[in-house]
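A short write-up of the structure that comes next.
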Amino acid sequence: MDLVTVGDLMVDVTVEASALRAGGDVHGTVRLRPGGSAVNAAVWAAASGATARLHGRIGDDLAGRLISEAIGQRGVEAVLAVDPGSVTGSMLVVQEGGERSMVADRGANARLSPADLPAQIEAEAVLVSGYVLLQEGSAAAGRAALDRARARYVAVDAASWPLVEGVGGERFLRLTEGANVLFANASEARALTGREGEDAADQLAQRYAVVCIKLGGEGAVLSWEGLLIRFGAEEIAEADPTGAGDAFDGAFLAALVSGAAPGDALRLACHAGARAAGSLELWPERESSR
């Protein structure tokens, strides 16, 4: 297997309306999409030509069955524990008048357990979502995934700056021991180091052989065994940035395991992130999938 991801599966529900009225009905747009950080990364890796497997937990419900089927249709092998005592995770995103609010229910994701994972996770690359590592209930599973990884690239995505800030930089380093690749956006890198961009990458490179700092509209910075590489962002009309960071992760690791040079992997990852941010969909168009 080229890439194995471990982490959250979510149903994303996006609501767009010009204005919401308490106690009243309004017309708007409602989109229902399968998602979750580990899912998105695996799907984008498969779309990039990699073989991909996903480990996670779903509820014994319609949402879980639909997500599982959708993942399989995108060429990703889904190895999922089914939790009869919980619901499949969900995310509500409400966009109103240019403002965006989000409500997350991790559901079965919060109960991911070491028993849900194989004794060894063998692949060219393993990616563990920070949502698993940094939240109570699933942290032991995240740690087990890193301990059991047998891969050239063992990666962690920092996932959320409030979670990173909550655990603190020193504990984050302990929780991610065994990883040699770190993905973080600008806010997560700042929470870890108190620094920005290349300075943050330099500091984090003392702990991880490969550090990717995702800078949104400014592109990304890569520290590869101490060598700094920067790539500028593509000019796009942003539609929805949700999942762009996951697309970056999946495309980057898929490129590396295919033998791409670090700079080329960074370029392909930035392109995938731009494609995701420029679309209302979390996953690439069908024509780009395996």
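Assorted remarks:
- Entirely in the range 156-196, the helices (runs of 4 or more DSSP H) that have 1 or more residues that are among the hydroxyl-bearing types (Ser, Thr, Tyr) and farther than 20 Å from residue 226 by Cβ: 186-193
- Residues satisfying the stated conditions in the range 154-190, i.e. open to solvent by 40 Å² or more (accessible area, probe 1.4 Å) and farther than 27 Å from residue 103 by Cβ: 170, 173, 174, 177, 178, 180
- Some residue of the range 198-220 being among the acidic types (Asp, Glu), open to solvent by 60 Å² or more (accessible area, probe 1.4 Å), more than 22 Å from residue 131 (Cα to Cα) and not in a helix (DSSP H, G or I): no
- Residues satisfying the stated conditions in the range 182-206, i.e. in contact with a strand residue (DSSP E or B) (Cβ under 8 Å, 6 or more places away or on another chain) and of a type in the set (D, E, K, R): 198, 202
- Among the residues of the range 221-252, those identified as farther than 16 Å from residue 274 by Cα, out of contact with any Asp or Glu (no Cβ under 8 Å at 6 or more places or on another chain), open to solvent by less than 60 Å² (accessible area, probe 1.4 Å) and of a type outside the set (Phe, Trp, Tyr) are 222, 226, 229.
- Residues in the range 79-97 that are at pLDDT 95 or above and either in a helix (DSSP H, G or I) or touching a Ser or Thr at 6+ places or on another chain (Cβ under 7 Å) (or both): 80 only.
- Check on residue 157, free of Cβ contacts under 8 Å to residues at least 60 places away in the same chain and not β-branched (Val, Ile, Thr): no
- For the range 97-136, residues that are of a type in the set (Asp, Glu), open to solvent by less than 70 Å² (accessible area, probe 1.4 Å) and over 30 Å from residue 258 (Cβ atoms) total 0.
- Residue in the range 224-251 that is nearest to residue 122 (Cα to Cα), counting only those that are touching a Ser or Thr at 6+ places or on another chain (Cβ under 9 Å) and not in a loop (DSSP other than H, G, I, E, B): 250
- Residue pairs whose Cβ atoms lie under 6 Å apart, separated by 6 or more positions or on different chains, with the first residue in the range 263-283 and more than 11 Å from residue 220 (Cβ to Cβ) and the second among the acidic types (Asp, Glu) and surrounded by fewer than 19 Cβ atoms within 10 Å (Cβ to Cβ), are 277/238.
- Test: residue in the range 10-26 that is in contact with a helix residue (DSSP H, G or I) (Cβ under 9 Å, 6 or more places away or on another chain) and either of a type in the set (A, V, I, L, M) or loosely packed, with under 15 Cβ neighbours inside 10 Å (or both): yes
- Neighbours by Cβ (under 7 Å, 6+ apart or cross-chain): first from the range 69-95, closer than 16 Å to residue 37 by Cα; second modelled with pLDDT under 95 and open to solvent by 50 Å² or more (accessible area, probe 1.4 Å): 89/105; 90/105; 91/102; 91/104; 92/102; 92/103; 93/100; 93/102
- Residues of the range 51-65 that turn out to be open to solvent by 50 Å² or more (accessible area, probe 1.4 Å) and out of contact with any strand residue (DSSP E or B) (no Cβ under 7 Å at 6 or more places or on another chain), as a count: 3
The values are calculated or read from the model by the stated rules, or taken from the named source; none is laboratory data. Given the structure is predicted, the values throughout are model-derived calculations rather than measurements. Every residue, glycine as well, gets a Cβ built from its backbone with ideal geometry; the counts of neighbours run over all protein chains shown. Accessible surface areas use protein heavy atoms only, side chains included; no ligands, DNA or RNA. Shrake-Rupley method; radii C 1.70, N 1.55, O 1.52, S 1.80 Å.
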